[in-house]
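Input: a single structure, listed below in structure tokens.
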Amino acid sequence: MRHRSWVSVLLLLTAATACSSGGATSQDGKTELTIATFNEFGYEELLKEYEAAHPDVKLTQRKTGQGAPHHQNLFTKLGAGSGLADIEAVEEGYLSQVMDKAGQFNDLAEIGPKIEDGRWLKWKTDAATKDGKQIGYGTDIGPLAMCYRKDLFEKAGLPSDPQAVKALFATWDSYFAAGDQFIAKSGGVAWFDSASQVFNAMHNQHELGYFDKSDKLVVDSNPAIKADWTAVTNAVAKGQSAKLVAWSNEWNSGFKAGAFATKTCPSWMLGVIEAQAGPENKGKWAVTDAFPNGGGNWGGSYLTVPKQSKNAKKAAEVAAWLTAPEQQIKAFKAKGTFPSQVKALDDPALLEQVNAYFGDVKAGALFAAQAKKVGAAQYKGPKDGQVQENVFSPALQSVEQGKSADEGWKTAVAEAQKVAK
């Protein structure tokens, strides 16, 4: 919330420089298409490659540094009815809001080029399909594994080899039981970083999110949500949480200081850990191809073509090309974005990728295997992200700071009901 003024200025500047949809024809007769992305998609060289192969097309990338301003701009322009790029990237955390406005996006199965069946992992495609209409082409994903500190495990008398620790991470029950063993001998080091980080991973494994398929809030009627809450808050009460707020300065420095021993670990988290833990901790962190209760996903995006586009079919052709297996491998090599395409997951360039920081583990092969363990896309209502970020994360933080689990739960339910109105 403290960045609201900065975001408002950014949106005004964006509106001033992009007051109409893309898809115009340039003076030299080329079709001009814009693509709006955020963070790193690895598209810079790919866009040049596409232009070289399609001399009648000129591509312009609008790249925003962070996801929140990009998506606020997206929803502002949807409401205004103009100003969107021909291709708009959508992060999976905002996808439910986009699906709620599916009528403002093209059905890519209808306007796009014919694509072979089974290009993407089924759960990836299903999440962006509504009433038989495909709203987005899948880009990257964030398959989940478990990262842990080998040296801290050894000091606490736990196994530390990536194969030996898999039993500890087989289920959430075994994970929290191992946490009890660790805390008893850890000398004050926490088992995990943040209650909300663990809770979100548990919650996202369920068939339904905070809403049912009719978009009715089910926080107080779905026993799975309360069970996850109880399991995590019990672990907090036993001292397993480092009580850190994810992405805060304290959380960042916690990696370097060894403040916690385990981390729910999507593929892209390896880069975060290496950057924050620093070279002095190389070889201390490890990753294993296990995740409690099976697979999970955290992160990834889609390319959409809004109906505002004046050249929607050509935009869909570009989006389809960018999300083909060959291009996703190139994007992976450029920026480490983990592909969601079935063929790409079997590509030697991915399977042979080695991460030296994590003990020369074949990280590409490890996360490819984890991606295939994800069963189905969770159904999320249009306000699902708001409930997660603005309700449950703060409620769990309040329990970490001393509020009782029962009071925290009552607050979460009441606040979720306000959001759902």
*Select from region 161-197 the residues that are crowded, with 17+ Cβ neighbours inside 10 Å and outside any helix (DSSP H, G or I) and list them in ascending order.*
PRO162, SER186, VAL189, ALA190, TRP191, PHE192, ASP193, SER194
*Mind telling me which of the residues PRO69, PRO55 ends up being more than 17 Å from LYS133 (Cα to Cα), crowded, with 17+ Cβ neighbours inside 10 Å and in the same structural domain as LEU345 (by TED's automatic domain parsing)?*
PRO69
*Spot the failing condition for ASP131; the list is (1) closer than 19 Å to VAL232 by Cα; (2) modelled with pLDDT under 95, and only one is missed.*
(1)
*asked:* Whether any residue in region 69-86 is of a type in the set (Ser, Thr, Tyr) and under 18 Å from the mean Cα position of the chain (by Cα) is what I want to check.
replied: no
*Just for region 369-417: of the residues that are in contact with a Pro (Cβ under 9 Å, 6 or more places away or on another chain), in a helix (DSSP H, G or I) and of a type outside the set (Asp, Glu), which one is nearest to SER340 (Cα to Cα)?*
ALA371
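Table: residues versus (1) in the same structural domain as MET202 (by TED's automatic domain parsing); (2) at pLDDT below 95; (3) in contact with a strand residue (DSSP E or B) (Cβ under 9 Å, 6 or more places away or on another chain).
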site	(1), (2), (3)
GLY359	no, no, yes
ALA371	yes, no, yes
GLN378	yes, yes, yes
GLY381	yes, yes, yes
GLY385	yes, yes, no
GLN388	yes, no, no
SER393	yes, no, no
SER398	yes, no, no
*Quick one: is ALA349 aliphatic (A, V, I, L, M) and loosely packed, with under 15 Cβ neighbours inside 10 Å?*
yes
*Can you tell which of LEU95, LEU108 is out of contact with any strand residue (DSSP E or B) (no Cβ under 6 Å at 6 or more places or on another chain), under 24 Å from PHE338 (Cα atoms), hydrophobic (A, V, I, L, M, F, W, C) and surrounded by 15 or more Cβ atoms within 10 Å (Cβ to Cβ)?*
LEU95
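The values are calculated or read from the model by the stated rules, or taken from the named source; none is laboratory data. Computed from a predicted model, the values in this text were never measured in an experiment. All Cβ positions, even for glycine, are placed from backbone atoms using ideal geometry, and neighbour counts span all protein chains on display.
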